[in-house]
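The values are calculated or read from the model by the stated rules, or taken from the named source; none is laboratory data. Since the structure is predicted, the reported quantities are computational estimates derived from the model, not experimental observations. Using ideal geometry, Cβ is built from the backbone for each residue, glycine included, and neighbour counts are taken over all protein chains shown. Note: accessible area is taken over every heavy atom of the protein model, side chains too, but ligands, DNA and RNA are not part of it. Shrake-Rupley method; radii C 1.70, N 1.55, O 1.52, S 1.80 Å.
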Amino acid sequence: MPYNEFGQALGQDLPSFSAGSLPEIEVLSGQTVRIEKLALRHEADLYPIYGPDAPRQNWTYMPIEPFQNREDFHCFFEKMVQSSDPYYLAIVDQASNRAVGTFALMRIDAANRVLEMGWVVYSSELQRSRQATEAQYLVMKYVFEGLNYRRYEWKCDSLNRPSANAAMRLGFTYEGRFRNHAIYKGRSRDTDWFSIIDSEWPALKKRFENWLAPENFDEKGQQKHSLRDC
């Protein structure tokens, strides 16, 4: 660890560091899904996921509620398409060619090469699936290898245990709780913070690729080894 002339410890020197680029995705292709920049062509597929028939329990910890009509959703969806932060992405199932969920890269801090995964909205068929894990892997790979960012964050309401469990399964490290961090839907929120940093990515990438390998799944599509064990 370096020290200055006053005997104070200093962080690692980064003499060649420069600001990063903003996300710019057309398509990230995988075996079971592909990630596309959100566009109007995805609207019809996504309305059932965001609309009045969406399971209400999926929206408890989201800042909005499901839309009650197509017109209101269309107005919101147009803003999603145009937004640069959050930078919304569609998750498209390769077999059916349908958009089955969305998520976003957000709180983009290009100056420090840091951003966050958020606004995760999955259809029932996508939740806890091989496709969902591959979708997260594809974006994670883009963040660390395409953008060369240093830090990738995940945050959730401290009461949202499924989100916290998903973060830890995907390799994020729990960093702590920000108390009284936010207010949404008239409720107080404590926020749990998780992250992955660039030095952790090579080992994590290997684990993802071992888990996603076709030989890790039986003829019914069930995993033989968990992601934690790969």
> With no solvent and one point on each alpha carbon, what is the Debye value of log10 I(q)/I(0) for region 81-230 at q = 0.15, 0.21 Å⁻¹?
Replying inline: -0.85, -1.56
> Roughly to the nearest percent, how much of the accessible area of region 1-50 is carbon and sulfur, given a 1.4 Å probe?
Replying inline: 53
> Roughly speaking, what is the centre-to-centre gap between region 159-230 and region 43-92 when only Cα atoms are used, to the nearest Å?
Replying inline: 23
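Where does each of 10-17, 68-75, 105-112 land if you order them by average Cβ count within 10 Å, highest first? Write out the running numbers ahead of the final one.
Values: 10-17: 7.1, 68-75: 12.1, 105-112: 16.4.
Descending mean neighbour count gives 105-112, 68-75, 10-17.
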> Looking at the square roots a ≥ b ≥ c of the eigenvalues of the Cα gyration tensor of region 144-230, which shape do they give, rounded for a/c under 1.5, prolate if a/b is larger than b/c, or oblate?
Replying inline: oblate
> Just the C-alpha atoms of region 1-139: what Rg/Rh do they give, with Rh taken as the Kirkwood radius?
Replying inline: 1.12
> Taking the Cβ-Cβ separation of residue 215 and residue 151 as r and a Förster radius of 45 Å, what is the calculated FRET efficiency to the nearest 0.05?
Replying inline: 0.85
>> Only Cα pairs within less than 10 Å get springs; with that Gaussian network setup on the chain, which residue of 187, 56, 179 has the largest fluctuation?
In response: 187
>> Placing unit charges on C-beta atoms (Lys and Arg positive, Asp and Glu negative, everything else neutral), compute the dipole magnitude of the chain about its Cα centre in debye, rounded to 20.
In response: 520
> In this model, which of 79/220; 37/206; 155/205; 37/205; 155/206; 79/224 are farther than 30 Å apart at the alpha-carbon?
Replying inline: 79/220; 79/224
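Once the piece of chain linking residue 75 and residue 21 is laid out straight, how much longer is it, given 0.36 nm per residue of separation minus the C-alpha distance between them?
Working: separation 54, 0.36 × 54 = 19.44 nm, distance 2.88 nm.
Value of the extension gain: 16.6 nm.
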> Hey, can you rank 78-85, 134-141, 169-176 by average C-beta count inside 10 Å, highest first?
Replying inline: 134-141, 169-176, 78-85
> Given a 1.4 Å probe, how much area per residue of region 39-81 is accessible, in Å²?
Replying inline: 57
